[in-house]
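Written below as structure tokens is the structure these notes are about.
The values are calculated or read from the model by the stated rules, or taken from the named source; none is laboratory data. This is a predicted model, so every value here is computed, not measured. For neighbour counting, all protein chains shown are included, and Cβ atoms are generated from backbone atoms with ideal geometry for every residue, glycine included.
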Amino acid sequence: MAQSTLWRRINDLEQAGVIKARIALIDPVSTGAKLCVLALVILEDHSEEAVEEFSRMVAAHPEIQECHKISGSADYMLKIRAADVEAYEAFQTRYLLRNPWVRSVQSSFVLKEVKATTEVPL
């Protein structure tokens, strides 16, 4: 495909909202965020206020890379990056466990990343 054709295609996809942003993928380990944690969160209640306040807390912390509202026994799954277990424990205590809207947090530490991609098949 010619470069001009490719750039037109990219621009068309951006205009259509298919491409949301152009980004650089940074290796978290090289920035000191070696530990990846998947945390299942159960809220104290599901009032509009609780959900909004929890969402604000999530948005305010760059350590939380992803937040997904899920089905099943937990309400949310968070992907959190930290330097080490001690840094995560401090973050969890300060921002999750002491949060009045959070009932419980179950954390799992990623031992090995088998696949991580941002690709979406077109």
For this session: Give the residue, chosen from Ala21, Ala87, Ala83, Ala39, that is among the aliphatic types (A, V, I, L, M) and free of Cβ contacts under 8 Å to residues at least 40 places away in the same chain.
Result: Ala21
Seminar exercise, completed: The residue from Glu48, Glu14, Glu44 that alone is closer than 25 Å to Lys69 by Cα and either out of contact with any strand residue (DSSP E or B) (no Cβ under 7 Å at 6 or more places or on another chain) or of a type in the set (A, V, I, L, M) (or both) is Glu48
Exercise. With (1) more than 24 Å from Leu111 (Cβ to Cβ); (2) at pLDDT 95 or above as the list, and Ala2 as the residue in question, which single condition is left unmet?
Worked result: (2)
Exercise. Of the conditions (1) modelled with pLDDT under 95; (2) assigned to a strand (DSSP E or B), Ser108 fails just one. Which one is it?
Worked result: (1)
Exercise. Can you tell me how many residues in the stretch 107-122 are in contact (Cβ under 8 Å) with a residue 12 or more places away in the chain and within 16 Å of Ala82 (Cα to Cα)?
Worked result: 5
